[in-house]
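To start, I am sharing the structure in question, which I have written as structure tokens.
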Amino acid sequence: MPSVKKNFFYSSILTSANYFFPLITFPYVSRILGVTNIGICNFIDSIINYFILFSMMGISTLGIREVATNKGNPEKLRIAFSSLITLNGITTLLGIILILIATFTIPRLHQHSELMFFGSFKLLFNLFLIEWFYKGLEDFRYVTIRTIIVKCIYVVSIFIFVHESTDYPTYYLLTVLMVVVNSVINLFHSRHFVTFSFRDISLKQYIKPYFTLGLYLLLTSMYVSFNVVYLGFACGDKAVGNYTTATKLYTIIIAFFTAFTGVMLPRMSALIGEGKIDEFKLKVSKSINILTDLSIPAIIFMVILAPQIVTIISGSGYEGAITPMRIIMPLMFIIGYEQILIVQSLMPLKQDKVIFTNSIIGATIGIVLNILLVAKLQATGSAIVWVTCEIALLILSQISVTKKIGLRFPLSPFLKSVSAFIPLAILIIIASHYIHNSYILLITTALMSSIYFVIIEFTVLKNSLITSLLSRFKRAFHNNC
């Protein structure tokens, strides 16, 4: 069985690549296309992603869980894989029908029918992406190598084919083709591990968790993807451009911890299956400590320097993204901790009903707040809605986990970490008053923050995993020198 550290290494690269490569292209694309055309692409993509959520339902989690459970038995693995693909195929077909109906009946979508048509291919090929299968097998090395190769081709294609503001359909088509290529490669590679067959497939046992977990994802999207959809209909493409720009860096930073939770899900499911509850709780506690120590300094850095970051990444015309970005950045801790509670704790414990109930409450809050705030506050309102809903879901999930395994919010370590990084916030504020060049300021404060982080980890916080990784990096650096 691959080690957690090795899987985390590959998964970190994989998840970060999903956001790092767009970060390479985004400064170029945002300047070429402009805030309005960026908003159009993101608005349509949010619509498509909503249909993808509907078509995929709970397979991303259920698939990992079932593959991790049955990977030691080839016949059971074949039946589980074939059953899940068949179930996913049915909902995907329904999703394609609905997306075509929506394109021709809703004027706002028919206006961008070309992009909607491209997006329908993204919807179709998500059926064959089967990332859940490889995560269940813990084969993160293959997925990482494949992703990086395809992403490199994508980046080169962007610079070759996107030159004018009117090239936004080309930009979106290239984004869709990246999914298509990954899906085709994955499908052929999967034949080394499993074959699809209708023989002995069993849909009945998977229908309830498939739709329960799927409804959870759909409901939580009411204050993530739905925010963009509602904002687009209520306030237009420019507001969407500002909001999605504000969320861009957040998604990159949270990607690192998402990589960790993605690696831990099959491992945590296995521990529950083996009855190793104490080891399960220990790993959850370690995950919380890692999140706290990594997220707090990142939040401080991003909130204080939001104006400079937005200017460098997106250029002029995106000033409306600064305030939403500052509001959204605390989600690095909020959602990171929420993922520990849900993905690493409640899902392996098969508390699907609890997850579903909590998500209904969060979705209801999201719908009400969208109606009350977004039309007036636009992108800032969407940011407030998202943060408020995630806090509500975190509280509900914490109550559920405390009842189930007695794990409480780590208030003392959290306050210790916050206190340790308050001087860093003061140093960054002072630097921002004296350094007026955005590039020099970011480079200087990033270096200063890195040094401060290392010192604090070794002298105050002393997180064993982080200090171990830092020590290995130091030894590797000295050996290369």
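The values are calculated or read from the model by the stated rules, or taken from the named source; none is laboratory data. Everything quoted here is computed from the prediction, not taken from an experiment. All Cβ positions, even for glycine, are placed from backbone atoms using ideal geometry, and neighbour counts span all protein chains on display.
Please count how many residues of the range 156-176 are surrounded by fewer than 17 Cβ atoms within 10 Å (Cβ to Cβ) and farther than 11 Å from L33 by Cβ.
4
If you don't mind, another one. Name the pairs whose Cβ atoms lie under 7 Å apart, with the first residue in the range 95-116 and farther than 17 Å from F54 by Cβ and in contact (Cβ under 8 Å) with a residue 60 or more places away in the chain, the second in a helix (DSSP H, G or I) and β-branched (V, I, T), and 6 or more positions between them or separate chains?
As it stands, the answer is H112/I40; H112/I44; L115/I44, since those pairs meet every condition given.
State whether one or more residues within the range 407-416 are more than 15 Å from F333 (Cβ to Cβ) and not in a helix (DSSP H, G or I).
Yes: one or more hits.
Additional query: Tell me yes or no: at least one residue of the range 381-391 is touching a Gly at 6+ places or on another chain (Cβ under 7 Å), closer than 23 Å to T323 by Cβ and of a type in the set (A, V, I, L, M, F, W, C).
The answer is yes, given that some residue of the range 381-391 is touching a Gly at 6+ places or on another chain (Cβ under 7 Å), closer than 23 Å to T323 by Cβ and of a type in the set (A, V, I, L, M, F, W, C).
Right, here's the next one. Is it the case, given these coordinates, that L218 is out of contact with any strand residue (DSSP E or B) (no Cβ under 9 Å at 6 or more places or on another chain), modelled with pLDDT of 70 or more and surrounded by fewer than 17 Cβ atoms within 10 Å (Cβ to Cβ)?
no
Of the numbered conditions (1) within 26 Å of S397 (Cβ to Cβ); (2) part of a helix (DSSP H, G or I), I440 fails exactly one; give the number of that condition.
(1)
Using the structure shown, decide if D237 is in contact (Cβ under 8 Å) with a residue 40 or more places away in the chain, charged (D, E, K, R), out of contact with any Leu (no Cβ under 8 Å at 6 or more places or on another chain) and closer than 29 Å to K353 by Cα.
In short, no.
While we're here: If a residue counts only when it is more than 23 Å from the chain's Cα centre (by Cα) and closer than 28 Å to G39 by Cα, which helices (runs of 4 or more DSSP H) contained entirely in the range 67-137 have at least 3 such residues?
Qualifying helices (runs of 4 or more DSSP H): 74-105, 107-110, 113-125.
Any idea which residue in the range 403-427 is modelled with the highest pLDDT, counting only those that are under 25 Å from the mean Cα position of the chain (by Cα) and under 24 Å from L219 (Cβ atoms)?
F409
Keeping to the range 367-391, report how many residues are more than 19 Å from the chain's Cα centre (by Cα) and at negative phi.
14
Residues of the range 428-456 being buried (at least 18 other Cβ atoms within 10 Å of the Cβ) and at pLDDT below 90, which ones?
Passing the criteria: F453, I456.
Residue-by-condition table, conditions (1) touching a Leu at 6+ places or on another chain (Cβ under 9 Å); (2) charged (D, E, K, R); (3) modelled with pLDDT of 75 or more:
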position: Y210; (1), (2), (3): yes, no, yes
position: M264; (1), (2), (3): no, no, no
position: I277; (1), (2), (3): yes, no, no
position: S287; (1), (2), (3): no, no, no
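Quick one: count up the residues across the range 284-317 that are surrounded by fewer than 17 Cβ atoms within 10 Å (Cβ to Cβ) and among the charged types (D, E, K, R).
Qualifying residue count for the region: 1.
Considering (1) assigned by TED's automatic domain parsing to the domain that holds E319; (2) more than 27 Å from the chain's Cα centre (by Cα); (3) modelled with pLDDT under 85, say which one V460 fails and leave the rest.
Single failed check for V460: (1).
Which pairs have Cβ atoms under 9 Å, sit 6 or more apart or on different chains, and link a residue in the range 353-364 that is in the same structural domain as Y216 (by TED's automatic domain parsing) to one that is aromatic (F, W, Y)?
I355/Y216; F356/Y216; N358/Y216; S359/Y216; I360/Y216; G362/Y223; A363/Y223; A363/F226
Hey, Q398 hits all of (1) under 30 Å from K276 (Cα atoms); (2) polar (S, T, N, Q); (3) modelled with pLDDT of 85 or more; (4) touching a Ser or Thr at 6+ places or on another chain (Cβ under 9 Å) but one; which does it fall short on?
In the conditions (1) under 30 Å from K276 (Cα atoms); (2) polar (S, T, N, Q); (3) modelled with pLDDT of 85 or more; (4) touching a Ser or Thr at 6+ places or on another chain (Cβ under 9 Å), Q398 misses (4) alone.
Something else about it: On the given criteria, is L33 surrounded by 21 or more Cβ atoms within 10 Å (Cβ to Cβ) and in contact with a Cys (Cβ under 8 Å, 6 or more places away or on another chain)?
Yes: the conditions hold for L33.
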